[in-house]
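Visitor: Structure provided below as structure tokens; questions to follow.
Any read-out appearing in this document is the output of simple, stated calculations on the displayed coordinates, not a laboratory observation. As the structure is a prediction and not an experimental result, all values here were calculated from the model. Counting neighbours? That spans all protein chains shown, and the Cβs are built from the backbone with ideal geometry, glycine included.
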Amino acid sequence: MSVRTLVINGKDVAGDADQTILEVARENSIHIPTLCHLKGLSDVGACRLCVVEVAGVNKLLAACVTKVEEGMSVVTDSPTLHDYRRTIIEMLFMERNHVCSVCVANNHCELQDAAKELGLTHFDLPPLEPVVEVDASHERFVIDHNRCILCTRCVRVCDEIEEAHTWDVFDRGAGCRVITDMGTPWGESRTCTSCGKCVQVCPTGALFEKGRSVAEAKHRRRFLPYLRALEQDQQ
Amino acid sequence: MTDVKDREQDLDRPEAQPEAGGPRACAHVCEAAGCMSLNADQVFEALRERATERGLADTAVKRVGCLRLCVAGPVVEIPERGLLFEAVDPSSPESIDSVINALQGSEGGRSTADDPFFARQVRIVLANSGVIDPEDIDDYVAHGGYEALTQTVTSKKPEEILEEVVRSGLRGRGGAGYPTGLKWRTVAKSSGAEGKYVICNADEGDPGAFMDRSVLESVPQQVLEGMAIAAYAVGASQGYIYVRAEYPLAVKRLRLAIRQAERSGLLGANIAETAFGFHVDIRIGAGAFVCGEETALIASIEGRRGTPRPRPPFPAQSGLWARPTLINNVETLASIPSIVRNGGDWYRAIGTEKSPGTKVFALAGRVVNTGLIEVPMGVKLRDIVFDIGGGIIGGAKFKAVQTGGPSGGCIPADDLDMPVDYESLAQAGSIMGSGGMIVMDETSCMVDVAKYFMDFCKDESCGKCVPCRVGTVQLHGLLDKITRGEGEPGDLDTLERLAVMVKSTSLCGLGQSAPNPVFSTLRYFRDEYVSHIEDRVCPAGVCPMTSSVAS
């Protein structure tokens with residue numbers, strides 16, 4: 001345990017050298033919005049929602065992957081950061097086809113929550129409206145790529161917790177898709193254990209259980225930190 | 001592969017004895033990819049056949065690396081006579097004869113002595129390009145090759161090499177210009193009980209850039225030598241060259257070079273009969289531009305998906321397989337042997353104070369002499385375009401030079417007298433980049449140029465982070481809308497706002513620099529954007545402006 005003291009939004013805080021800005025901020029009730037981050041999974045710094053300003057650094061840093069340092073001075077919210085974050089959410093909404101009113105995750109959606117939090121009341125950017133697939137070949141679960149924001153939580157939980165590595169990312173840029181096995185339909189996957197962890201960690205309604213209707217996809221995630229702790233104990 | 005075998009058998013043959021009568025003129029046939037695509041190998045065969053008929057020795061015709069004047073390919077040079085033959089046609093006896101006649105003393109070809117394209121270049125990285133046979137290690141050694149490495153491992157301490165590289169002031173030639181010596185020192189200091197790595201980044205991918213390809217095709221041994229010296233200095237014993245699959249000739253020559261160097265005891269275990277060992281393997285890229293970004297490159301070598309990760313930690317501390325890793329660009333490593341041979345002070349005296357040394361540029365676009373050039377840092381852009389480059393094709397009006405590819409920007413006519421160095425280019429809103437230099441005249445529309453590069457970036461975005469994955473698509477959409485003549489008054493503000501957001505929030509250098517072409521064209525050619533939007537006119541007549549026709 002090696003203590004680091006730093007300032008976040010003018011408040012003196014302390015954290016362990018191993019901790020990230022995000023962890024220390026949350027311990028101190030300082031809110032930073034996130035999407036790809038989920039406690040219990042590794043962090044990838046991909047959604048960029050948690051970018052913060054650090055004094056003396058000429059770039060914005062993702063709070064989820066930046067370790068605290070002694071004497072650091074962090075600002076987690078400013079009109080500019082707020083604007084950037086709102087644009088990120090707007091971009092995600094416009095990237096695929098998110099229609100809350102018919103979404104299984106309506107009111108249980110982190111994308112929706114972030115939009116509310118950031119005051120995203122309307123869209124200025126044009127929708128990209130790609131034609132993407134829905135794979136309902138699995139007997140219990142469905143992936144609707146229309147609602148996928150490519151946070152890769154499913155990829156990480158499958159690899160790190162279930163250790164099946166059924167999910168991965170295919171192609172690049174706007175063509176990116178999460179895929180099962182080497183792009184075979186989910187129902188034909190040989191590695192999927194049907195554990196459903198991916199469904200539970202999905203921030204939106206992209207992954208859901210069959211039989212759920214609009215607004216019925218409530219996510220249960222309490223298993224995550226528990227499994228992670230168990231895993232660490234075994235090591 | 002039969003080629004490789006043949007060449008290897010050549011190695012085992014006793015060296016051809018020079019004939020009496022001193023050194024003879026020798027025709028150098030450029031066999032880099034540019035000329036090869038124009039049948040340079042047939043030129044070589046035809047010349048050798050004709051030379052034999054005329055009773056000339058086998059050594060009168062030689063395969064070499066890039067002769068730099070790519071526009072005139074296939075090119076043949078007779079350096080002893082200072083003559084260059086352009087567009088040699090293997091099927092034309094006259095064309096072949098003119099070269100052979102010149103070998104025997106007749107006049108012909110283009111004199112290189114007073115030609116500014118050749119005379120104004122200063123060759124350090126390319127000193128042996130077009131001089132040696134890239135597939136023959138003995139030729140490289142005969143021209144001073146591996147002298148620096150042998151000296152290094154037999155009589156110098158790693159610290160001395162680090163000192164020399166620091167003193168040279170060499171900066172990373174991959175684009176960012178990070179001080180090479182400092183990077184080496186960091187890796188040398190990082191504790192690497194489980195080993196360290198040296199990686200040569202040969203994933204050159206900027207549109208219009210072919211410096212690294214030419215260096216690898218022309219002097220592959222020089223890059224290996226630079227890597228081995230770096231490995232000795234930082235304490236690594238394994239190296240990787242990450243080269244893109246689109247460079248098959250470079251890959252082939254690198255493979256051959258590695259095998260030849262290992263046979264000669266200049267790579268592998270016990271280099272130059274010392275305890276120092278260094279192995280080099282090749283890793284082939286699968287066509288992703290983003291793999292030129294160092295953390296994505298490392299992921300790709302590890303066999304994972306080639307996506308960048310946030311830094312820190314920097315590869316110098318935790319890189320390949322979480323071990324300290326030195327990543328340098330091809331040209332950076334190719335500069336090392338001459339720095340070690342001649343000393344850091346010698347190198348520092350070339351170029352400018354903050355940007356010492358020379359830089360290789362791929363000169364392309366609407367310029368007379370397109371090709372590969374190596375110039376001292378600080379040379380004026382005007383000299384590159386109008387002296388070395390020979391001016392604009394057809395005497396048309398110069399408009400801008402694009403440097404740094406999709407991460408760079410455009411430099412307008414007003415800034416032609418600017419010295420070419422890292423700081424000046426950055427100040428002008430562009431970057432040095434890896435060395436692509438595209439010259440544009442009045443026939444280029446700058447909005448179209450910005451759209452082209454954004455199209456490139458959106459296709460090459462790895463898709464990991466949102467601002468780059470979606471932002472580049474949105475930016476491209478806006479630019480496309482403007483070039484279709486459908487731009488609206490608020491579009492420029494949206495364009496700028498999104499560009500700033502993508503630059504500020506993207507994860508890696510690709511996204512952070514993707515808006516640069518937009519910024520720079522807006523800065524210097526805003527009027528072109530305005531006339532697209534307000535007047536529905538493309539001043540250069542490039543953009544389709546379909547809706548203006550309809551309305």
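Visitor: Provide the FRET efficiency to the nearest 0.05 for the A:T80-B:E273 pair, computing r from the beta carbons and using R0 = 60 Å.
Guide: That pair, A:T80 with B:E273, gives E of 0.50.
Visitor: To continue, here is another question. So, in Å, what gap is there between the alpha-carbon centers of the stretch B:370-391 and the stretch B:129-152?
Guide: Cα centroid of the stretch B:370-391 versus Cα centroid of the stretch B:129-152: 27 Å apart.
Visitor: Moving on to the next point. Where the eigenvalues come from the Cα gyration tensor of the stretch B:185-322, what are the semi-axes √(5λ) of the equivalent ellipsoid, largest first, in whole Å?
Guide: 23, 21, 11
Visitor: Can you list residues whose amide H is under 5 Å from B:I327's amide H, if they're 5+ apart or on another chain and H is modeled 1.01 Å from N?
Guide: Placed amide hydrogens put B:I199 under 5 Å from B:I327.
Visitor: Fewest Cβ neighbours within 10 Å first, please rank B:F44, A:F170, B:F118 accordingly.
Guide: A:F170, B:F118, B:F44
Visitor: Do you know the relative contact order of the stretch A:50-153, to the nearest whole percent, from alpha carbon pairs under 8 angstrom that are 6+ apart?
Guide: Relative contact order here is 22 percent.
Visitor: With 21 Å as the cut-off, how large is the P(r) tail for the stretch B:170-266, expressed as percent of Cα-Cα pairs?
Guide: Tail of the P(r) past 21 Å holds 37 percent of the pairs.
Visitor: Modelled label-to-label distance, B:E262 and A:R228, 7 Å Cα→beta-carbon offset: nm?
Guide: With each label placed 7 Å out from Cα toward Cβ, I get 4.4 nm.
Visitor: OK, next. Loop-only GluC sites (Glu not before Pro) in the stretch A:149-235, please: DSSP not H, G, I, E or B, and at most 15 other Cβ atoms within 10 Å.
Guide: A:E163, A:E216
Visitor: I've got another one for you. Evaluate 2.2 N^0.38 Å with N set to the residue count of chain B, then give the Cα radius of gyration divided by it. If you can, show how the numbers build up before the last one.
Guide: Details: Rg = 24.2 Å, N = 551, 2.2 N^0.38 = 24.2 Å.
My calculation over the Cα atoms of chain B gives 1.00.
Visitor: Mind giving me the FRET efficiency for A:R221 and A:L128? R0 is 41 Å, r the Cβ-Cβ distance, nearest 0.05 is fine. All intermediate terms of the calculation are to be shown ahead of the outcome.
Guide: Values: r = 30 Å, r/R0 = 0.73.
That gives a FRET efficiency of 0.85.
Visitor: Can you flag which of A:K39/A:K59; A:K59/B:K451; A:K197/A:K218 are past 21 Å Cα-Cα?
Guide: Where the Cα-Cα span goes over 21 Å, the pairs concerned are A:K39/A:K59; A:K59/B:K451.
Visitor: Return the sequence-ordered ³J(HN,Hα) values of the stretch B:520-527 in whole Hz as given by the Karplus equation 6.51 cos²θ - 1.76 cosθ + 1.60 applied to θ = phi - 60°, using x for Gly and Pro.
Guide: For the stretch B:520-527, the Karplus-derived couplings read 6, 6, 5, 5, 9, 10, 4, 4 Hz, x marking Gly and Pro.
Visitor: Enter the Cα centre distance for the pair the stretch A:88-158 and the stretch B:478-519, rounded to the nearest angstrom.
Guide: Between the Cα centre of the stretch A:88-158 and that of the stretch B:478-519, the gap is 24 Å.
Visitor: Would you calculate a helix-derived [θ] at 222 nm for chain B, using -39,500 (n - 2.57) for each DSSP H run of n ≥ 4 and dividing by the full residue count, to the nearest 500?
Guide: -12000 deg cm²/dmol
Visitor: Which loop trypsin sites (Lys or Arg not before Pro) in the stretch A:141-190, with loop taken from DSSP, have no more than 10 other Cβ atoms within 10 angstrom of their Cβ?
Guide: On the way: sites: A:R147, A:R153, A:R156, A:R172, A:R177, A:R190; in loops: A:R172, A:R190.
Sparse-neighbourhood loop trypsin sites (Lys or Arg not before Pro): A:R190.
Visitor: Further question on the same structure: So for A:D83, A:D159, fewest C-beta neighbours within 10 Å to most, what's the order?
Guide: A:D83, A:D159
Visitor: On to the next question. Going by how many other beta carbons lie within 10 Å of each one, how would you line up B:E135, B:E246, B:E159, fewest first?
Guide: B:E159, B:E246, B:E135
Visitor: Would you mind getting me the FRET efficiency between B:R255 and B:D97? Use the beta-carbon distance for r and R0 = 41 Å, nearest 0.05.
Guide: 0.70
Visitor: Now a separate question. Please report Rg over Rh for the protein assembly as shown, where both radii come from the alpha carbon positions and Rh follows the Kirkwood definition.
Guide: Details: Rg = 28.8 Å, Rh = 28.7 Å.
My calculation puts Rg/Rh at 1.00.
Visitor: How big is the stretch A:99-234 in terms of Cα radius of gyration and Dmax, in angstroms?
Guide: Answer for the stretch A:99-234, Rg first and Dmax second: 15.4, 50 Å.
Visitor: Let me ask something additional. Please list the three semi-axes, largest first and in whole Å, of the ellipsoid equivalent to the stretch A:3-77, using sqrt of 5 times the eigenvalues of its alpha carbon gyration tensor.
Guide: Value: 18, 14, 11 Å, ordered largest first.
Visitor: B:I350's amide H: which non-local residues (gap 5+, or another chain) put their own amide H closer than 5 Å, with H modeled 1.01 Å from N in plane and none for Pro or chain starts?
Guide: Placed amide hydrogens put B:G357 under 5 Å from B:I350.
Visitor: Shifting gears a bit: Tell me, what ³J(HN,Hα) does each residue in the stretch B:198-203 have, in order and in whole Hz, if you take phi through Karplus 6.51 cos²θ - 1.76 cosθ + 1.60 with θ = phi - 60° and put x for Gly and Pro?
Guide: Here the 3J(HN,Hα) series is 10, 10, 9, 7, 10, 9 Hz.
Visitor: Here is a follow-up. Would you mind calculating the gained length between A:K11 and A:E209 on full extension (0.36 nm times residue separation, minus the Cα-Cα distance), in nm to one decimal?
Guide: On the way: separation 198, 0.36 × 198 = 71.28 nm, distance 4.31 nm.
Additional length available on full extension: 67.0 nm.
Visitor: Let me ask something additional. Would you calculate the volume per residue, in Å³, of the smallest convex hull containing every Cα atom of the stretch B:358-441?
Guide: Once divided by residue count, the hull of the stretch B:358-441 is 71 Å³.
Visitor: Across the stretch B:471-477, in residue order, what do the Karplus-derived ³J(HN,Hα) couplings come to in whole Hz, using 6.51 cos²θ - 1.76 cosθ + 1.60 with θ = phi - 60° and x for Gly and Pro?
Guide: So the Karplus estimates, Gly and Pro as x, are x, 5, 5, 5, 5, 4, x Hz.
Visitor: Give me, ordered by chain and number, the residues 5 or more places off A:R212 or on other chains with an amide H under 5 Å from its own placed amide H.
Guide: Amide H neighbours of A:R212, under 5 Å, 5+ apart: none.
Visitor: Ok, one more. Mind checking the alpha-carbon convex hull of chain A and giving the volume per residue in Å³? Each step should come with its number before you reach the end.
Guide: Working: hull volume 32.1 nm³, N = 235.
Hull volume normalised by residue count: 136 Å³.
Visitor: Find, among the trypsin sites (Lys or Arg not before Pro) in the stretch B:66-148, those assigned to loop by DSSP (not H, G, I, E, B) with at most 16 other beta-carbon atoms within 10 angstrom. Provide the component values of the computation, followed by the final result.
Guide: On the way: sites: B:R68, B:R81, B:R110, B:R120, B:R123; in loops: B:R68, B:R120, B:R123.
Qualifying residues, ordered by number: B:R120.
Visitor: Can you compute the helix-only [θ] at 222 nm over chain A? Use -39500 (n - 2.57) per DSSP H run of at least 4 residues, normalise by all residues, nearest 500 deg cm²/dmol.
Guide: That comes out to -6500 deg cm²/dmol.
Visitor: Using a cut-off of 18 Å between alpha-carbon atoms, which aspartates and glutamates can reach B:K196, once sequence neighbours fewer than 8 places away in the same chain are excluded?
Guide: Leaving aside aspartates and glutamates fewer than 8 places away in the same chain, those within reach of B:K196 are B:E159, B:E225, B:D281, B:E294, B:E302.
Visitor: Below 8 Å between Cα atoms, with a sequence gap of 6+, how large is the relative contact order for chain A in percent?
Guide: RCO, chain A: 19 percent.
Visitor: Okay, next question. Between B:E442 and B:R54, what length in nm is gained on full extension when 0.36 nm per residue of separation is reduced by their alpha carbon distance?
Guide: 134.7 nm
Visitor: Right, something else. Could you tell me the center-to-center distance, by alpha carbons, between the stretch A:169-202 and the stretch B:400-476 in angstrom?
Guide: 36 Å
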